[in-house]
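Engineer: Here it is: the structure, laid out below.
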Amino acid sequence: MKRKSFPLRVHPDILEAMQTWANDDLRSINAQIEFILRESLARAGRLDQSLYSTSVQEKKRED
């Protein structure tokens, strides 16, 4: 899958919390943000389930 990059402005407190969460999950902050976005979009029915299945598999591995 080809990825696109774009600038993201975010409040420093949110960025710090995301970095802490990413560290806890042994992910980069970029991977953590993508993981959270993918899960949220899938739950809202706005993302193809085949893309969501990756995050479900990751979640099962973490448990």
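Engineer: Find all pairs meeting these conditions: Cβ atoms under 7 angstrom apart; at least six residues apart or on different chains; first residue within the range 1-16 and without any contact (Cβ under 8 Å) to a residue 60 or more places away in the chain and over 25 Å from residue 50 (Cβ atoms); second residue of a type in the set (S, T, N, Q) and exposed (fewer than 10 other Cβ atoms within 10 Å of the Cβ).
Structural biologist: Filtered contacts from the range 1-16: no entries.
Engineer: Determine whether the range 3-17 contains at least one residue that is touching a helix residue (DSSP H, G or I) at 6+ places or on another chain (Cβ under 9 Å) and modelled with pLDDT under 90.
Structural biologist: yes
Engineer: Another one. Those residues that are among the small types (Gly, Ala, Ser), out of contact with any helix residue (DSSP H, G or I) (no Cβ under 8 Å at 6 or more places or on another chain) and at pLDDT 75 or above, I need them from the range 29-63; list them, please.
Structural biologist: 40, 44, 45 - these are the residues of the range 29-63 that are among the small types (Gly, Ala, Ser), out of contact with any helix residue (DSSP H, G or I) (no Cβ under 8 Å at 6 or more places or on another chain) and at pLDDT 75 or above.
Engineer: Would you check if residue 16 is within 12 Å of the chain's Cα centre (by Cα) and either exposed (fewer than 11 other Cβ atoms within 10 Å of the Cβ) or charged (D, E, K, R) (or both)?
Structural biologist: So residue 16 does not fit the description; no.
The values are calculated or read from the model by the stated rules, or taken from the named source; none is laboratory data. Computed from a predicted structure; not experimentally measured. Virtual Cβ from ideal backbone geometry, glycine too; neighbours counted across all protein chains shown.
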